[in-house]
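K.L.:
Pasting a structure here, questions to come.
The values are calculated or read from the model by the stated rules, or taken from the named source; none is laboratory data. Every value quoted in this text rests on a predicted model; they were computed, and no experiment measured them. All Cβ positions, glycine included, derive from the backbone under ideal geometry; neighbour counts span all protein chains shown. Just the protein is used for accessible areas: all its heavy atoms, side chains included, with ligands, DNA and RNA removed. Shrake-Rupley method; radii C 1.70, N 1.55, O 1.52, S 1.80 Å.
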Amino acid sequence: MKFVISREALIKPLQLVAGVVERRQTLPVLSNILLVAEDHKLSMTGTDLEVELVGCVTLDEPAVPGSVTVPARKLMDICKSLPDDSQIEMALTGQKMVIKSGRSRFSLSTLPAAEFPNVEDSPQTFDLTLSQGQLRYLIEQTGFSMAQQDVRYYLNGMLLEIADGSLRTVATDGHRLATSVANVETDQQSAQQIIVPRKGILELARLLQHGDEPLKLVVGANHIRAHVGEFIFTSKLVDGKFPDYQRVIPRNGDKFVLGDRQALRKVFSRIAILSNEKYRGVRLTLTSGFLQVMANNPEQEEAEETIAIDYEGDSLEIGFNVNYLLDALSILNSDIVRFTLSDSNSSALIEGLDEQGNLYVVMPMRM
């Protein structure tokens, strides 16, 4: 096996593929990426047994065909350290991958390609088509609400719901919920729900561009696959039942607050400075035309600020984790946001005044 490639052509796909590889592995081969060279094509594959990413690069000169696995991080660090316009020659010599560029020479240990696992396919059940920009937008609007290491494993990911020609993404960590929706083309008639694990969502988002390039998602019984440019992304699905998010969205709020999104963000950010570092609680007091925001901490320090808002109704006092409010206000695009509330023990519904399909629910805190 032997091929020559420019650093410029190699570095981006290598970084994306190596990003899938976990640093700590039980199987040594999972710290490696699989290199397969044939004719004018080099393919690189990284996996953690849950997510797999294959990147293809076109070679200027035909390669001596072959396949082998090499340490992902070391290969990436070597290539990043080389000068920008350098040519890189890689050749398999015995059990070593020899990398040459200019006067530099590196020799990396390898493991046989036969030991490299692949994410098992399952029969295709349906597919859907949308633009890369649409899917990236849906992920950006909801991904911050995914749980990270919750024992309720089905929350450590994102729900994709396909129904009536639309794709809805939903994420929740049990304290807040985010949902967004877009129109798609699909051959699926009945409603379907799948849960893509957190890492799969984050890796897929890294591949997606903001443009209108079409993207086809193929869904199997236990995997989802996407062809994005020169990459093939595959992720296992989470085997579990996602909570009924429709029941979480408040429907009976009778108190409506309209406010300037950026002004509210700045107030919350300032008051958050003196909130409890662990619980991040702020107290909101609503009166006609005004919102007072207060915080204090175990050091007996306090912060408060009042901001003018559009609100007519009974006074209300309610506590929230300020980070959750800031996350929602940061991701919305409208200049004016609407908070819908009912009482101090009920969740708040946050949405942009001129945004369709993006909803954020935040549970209250006892202060």
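K.L.:
Just to be sure before I move on: is Glu312 part of a loop (DSSP other than H, G, I, E, B), modelled with pLDDT of 95 or more and over 35 Å from the mean Cα position of the chain (by Cα) in the structure I sent?
P.N.:
no
K.L.:
Also, I was wondering about something else. Can you find a residue that is within 18 Å of Gly143 (Cα to Cα), open to solvent by 20 Å² or more (accessible area, probe 1.4 Å), modelled with pLDDT of 95 or more and aromatic (Phe, Trp, Tyr) anywhere in the range 342-360?
P.N.:
no
K.L.:
Would you confirm whether or not the range 9-20 contains a residue that is within 17 Å of Gln87 (Cβ to Cβ), touching a helix residue (DSSP H, G or I) at 6+ places or on another chain (Cβ under 8 Å) and open to solvent by less than 10 Å² (accessible area, probe 1.4 Å)?
P.N.:
Yes, the conditions are met somewhere in the range 9-20.
K.L.:
Take the residues of the range 144-198 that are within 15 Å of Gly240 (Cα to Cα) and small (Gly, Ala, Ser): which is surrounded by the fewest Cβ atoms within 10 Å (Cβ to Cβ)?
P.N.:
That would be Ala147.
K.L.:
Can I ask one more? Take the conditions more than 19 Å from Phe3 (Cβ to Cβ), in contact with a Leu (Cβ under 6 Å, 6 or more places away or on another chain) and open to solvent by 30 Å² or more (accessible area, probe 1.4 Å) and apply them to Arg136. Does it pass?
P.N.:
Answer is yes for this residue.
K.L.:
Could you check the range 297-322 and list, in sequence order, the residues that are closer than 20 Å to Met365 by Cβ and buried (at least 18 other Cβ atoms within 10 Å of the Cβ)?
P.N.:
Those that are closer than 20 Å to Met365 by Cβ and buried (at least 18 other Cβ atoms within 10 Å of the Cβ): Ile318, Phe320, Asn321, Val322.
K.L.:
Now for a separate question. Identify all residues within the range 163-189 that are at pLDDT 95 or above and part of a loop (DSSP other than H, G, I, E, B); write none if there are none.
P.N.:
Asp173, Gly174, His175
K.L.:
Restricting the search to the range 225-237, which residues are of a type outside the set (Gly, Ala, Ser) and free of Cβ contacts under 8 Å to residues at least 40 places away in the same chain?
P.N.:
Arg225, His227
K.L.:
Count, please, the residues in the range 62-75 that happen to be over 17 Å from Phe116 (Cβ atoms) and either hydrophobic (A, V, I, L, M, F, W, C) or at pLDDT below 95 (or both).
P.N.:
Total satisfying the criteria: 2.
K.L.:
Continuing with the same structure: What is the residue count in the range 217-249 for residues that are open to solvent by 80 Å² or more (accessible area, probe 1.4 Å) and within 20 Å of Val17 (Cα to Cα)?
P.N.:
Summing the residues that are open to solvent by 80 Å² or more (accessible area, probe 1.4 Å) and within 20 Å of Val17 (Cα to Cα) in the range 217-249 gives 3.
K.L.:
Checking Gln209 against (1) touching a strand residue (DSSP E or B) at 6+ places or on another chain (Cβ under 7 Å); (2) under 22 Å from Met44 (Cβ atoms); (3) assigned to a loop (DSSP other than H, G, I, E, B): exactly one of these is not met. Which one?
P.N.:
(1)
K.L.:
While we're on this one: Working only within the range 341-359, note down all residues that are under 22 Å from the mean Cα position of the chain (by Cα) and assigned to a loop (DSSP other than H, G, I, E, B).
P.N.:
Selection gives Glu355, Gln356, Gly357, Asn358.
K.L.:
While we're here: What's the number of the condition Ile273 fails, among (1) open to solvent by 80 Å² or more (accessible area, probe 1.4 Å); (2) closer than 30 Å to Asp354 by Cβ?
P.N.:
Every condition holds for Ile273 apart from (2).
K.L.:
Restricting the search to the range 96-105, which residues are surrounded by fewer than 18 Cβ atoms within 10 Å (Cβ to Cβ) and not in a loop (DSSP other than H, G, I, E, B)? Break it down into steps so the answer makes sense when it comes.
P.N.:
Our first condition is that a residue be surrounded by fewer than 18 Cβ atoms within 10 Å (Cβ to Cβ); within the range 96-105, this holds for 96, 98, 100, 102-105.
Answer for the range 96-105, where residues must be surrounded by fewer than 18 Cβ atoms within 10 Å (Cβ to Cβ) and not in a loop (DSSP other than H, G, I, E, B): Lys96, Val98, Lys100, Ser104, Arg105.
K.L.:
How many of the residues in the range 264-283 are of a type outside the set (D, E, K, R) and out of contact with any helix residue (DSSP H, G or I) (no Cβ under 9 Å at 6 or more places or on another chain)? Walk me through how you get there before you give the answer.
P.N.:
First, pick out the residues of the range 264-283 that are of a type outside the set (D, E, K, R): 264, 267-269, 271-276, 279, 281-282.
Imposing the further condition that a residue be out of contact with any helix residue (DSSP H, G or I) (no Cβ under 9 Å at 6 or more places or on another chain) reduces the set to 267, 273-274, 276, 279.
Of the residues in the range 264-283, 5 are of a type outside the set (D, E, K, R) and out of contact with any helix residue (DSSP H, G or I) (no Cβ under 9 Å at 6 or more places or on another chain).
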